[in-house]
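Student: One structure, as structure tokens, below. Some questions next.
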Amino acid sequence: MRIVDIREKSIDISRYSDPAIPSGGLTTSIVSVTTDVVRNGVPVIGYGFSSMGRFAQGGLIRERFGPRLLAAGDVTPLEAWTAMMKGEKAGGHGERCVAVGTLDMALWDAAAKAADLPLHGYLVQEFGGGNALATIPAYASGGYLYPDNDLSRLTDELKAFADAGYCRAKIKIGATTLERDLARTDAASAIFGPGCLAVDAMNAYDAEQGLAAAKALKSRRLMWFEDVCDPHDFEAQSRIAGAYDAPIAAGEALFSAAEAKLLDRHGGLRRDRDILLFDPVHCYGLPGYVEILIALEGRGWPRSAFWPHGGHLFSLHVASALGLGGVEVNPSSFPPFGGLVDQARPDNGRISPPDLAGIGFEGKPDLAALFSAL
Ligand code: MG
């Protein structure tokens, strides 16, 4: 397929279902890539966005990666990725990994639509189907600190997750005192019991704060303790892991196979229990993600340790096609990007990617309308 037009728009997104609650000025890029492939009399268009939490990428997409893609000629998604990365030096990932990942998502959407396949089916063809899973374990993610009535609103949010059929959930800590975070954790644990609740410190702790939190959380039988410190502070990561026997999750803010190998070598993680959160959009798209997967599998990590960050449909297709351990879902955060297609529900804690052609954004009317407006 040849890419003949690219559109990008930066839009506001919210961590809360109520976008009136301040959300730190968070934005994302939505993109469309129009191809020269025609299906049912209309051109095939792929859609993508910058996952969650790392802001919009309009400048890099418009100035650098979009023009390279438009000049790439007739390409598969993997060839398109090589064209986008032409001339880029190794290291110093900055924001460009997310810009490339955003366009990469749209390219896979377009290629799968051109093949008239749901993305997971297309990826099984591309990467081999030996590990594919029809259903994937999932957890509901959210639980950000509310500016007022935090505990009662947190409880309502988690009850809604349970009512929607989720058996596991994750909440955020690290944005308030440890004492308040322990109260939040205990309130959430009353709904999602032992082994079913994870907490995410959003890389907020230094080594001493992380050790104090680990000590307090130890007895609470969590599903995992996530993003415990600065993602590059492997010394702190390793000290905290040494003081916390239960599962730890890391990797969401690391963007390359080289960084993944540093985490493995120096972060103190345990292959028999810990969780790897690399985000297929944040680490230069699916080609970058697969490189990380292969590198860490080669070092003895099981594929079941990979639970990609993102909470969106793209990660769900990737997890299904590659046979990963599980996925995040954002049932209420980051509307309209989070959550499943309308009417889809978890079954016994597991979910399936939509059967629509491509990623299936068209199965979420609010999101489809946003993309169409491009
Ligand atoms: Mg996280």
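Student: May I ask you to say which residue of SER320, SER315, SER304 is hydroxyl-bearing (Ser, Thr, Tyr) and more than 25 Å from THR82 (Cα to Cα)?
Tutor: After ruling out the rest, the residue left standing is SER304.
Student: Within segment 240-262, restricting attention to residues that are crowded, with 23+ Cβ neighbours inside 10 Å and not acidic (Asp, Glu), which residue is nearest to CYS97 (Cα to Cα)?
Tutor: PHE255
Student: Next up: Between a first residue in segment 63-79 that is within 18 Å of SER29 (Cα to Cα) and not assigned by TED's automatic domain parsing to the domain that holds MET105 and a second residue that is assigned to a helix (DSSP H, G or I) and modelled with pLDDT under 95, which pairs have beta carbons less than 7 Å apart while being 6 or more apart in sequence or on different chains?
Tutor: Cβ pairs passing all conditions: none.
Student: Return the residues of segment 177-204 that are within 17 Å of PRO247 (Cβ to Cβ) and touching a residue at least 24 places away in the same chain (Cβ under 8 Å); say none if nothing qualifies.
Tutor: Across segment 177-204, the qualifying residues are THR185, ALA188, SER189, PHE192, PRO194, GLY195, CYS196, LEU197, ALA198, VAL199, ASP200, ALA201.
Student: In the set PHE314, PHE371, which member is in contact with a Pro (Cβ under 9 Å, 6 or more places away or on another chain), modelled with pLDDT of 95 or more and not in a loop (DSSP other than H, G, I, E, B)?
Tutor: Just a single option satisfies the conditions, and that option is PHE314.
Student: So which residues in segment 263-276 are under 15 Å from ARG303 (Cβ atoms) and surrounded by 24 or more Cβ atoms within 10 Å (Cβ to Cβ)?
Tutor: Scanning segment 263-276 gives a single hit, LEU276.
Student: Now for a separate question. Return the residues of segment 231-265 that are of a type in the set (Asp, Glu) and within 13 Å of the ligand (Cβ to nearest atom); say none if nothing qualifies.
Tutor: Within segment 231-265, GLU252 is the sole residue that qualifies.
Student: Are there any pairs, at least 6 apart or on different chains, whose C-beta atoms fall under 8 Å, with the first in segment 152-174 and on the phi < 0 side of the Ramachandran plot and free of Cβ contacts under 8 Å to residues at least 24 places away in the same chain and the second of a type in the set (Ser, Thr, Tyr) and part of a loop (DSSP other than H, G, I, E, B), and if so, which?
Tutor: ARG153/TYR146
Student: Can you confirm whether segment 122-130 contains a residue that is of a type outside the set (Phe, Trp, Tyr) and within 16 Å of the ligand (Cβ to nearest atom)?
Tutor: No, there is no match, as no residue in segment 122-130 is of a type outside the set (Phe, Trp, Tyr) and within 16 Å of the ligand (Cβ to nearest atom).
Student: Right, something else. For the subset of segment 169-196 comprising residues that are farther than 20 Å from ASN348 by Cα and assigned to a loop (DSSP other than H, G, I, E, B), which member is farthest from the ligand (Cβ to nearest atom)?
Tutor: Taking the candidates together, the pick is THR177.
The values are calculated or read from the model by the stated rules, or taken from the named source; none is laboratory data. If you're wondering where the values come from, they're calculated on a predicted model, not measured in any experiment. Here the Cβ is made from the backbone with ideal geometry for all residues, glycine too, and neighbour counts use every protein chain on show.
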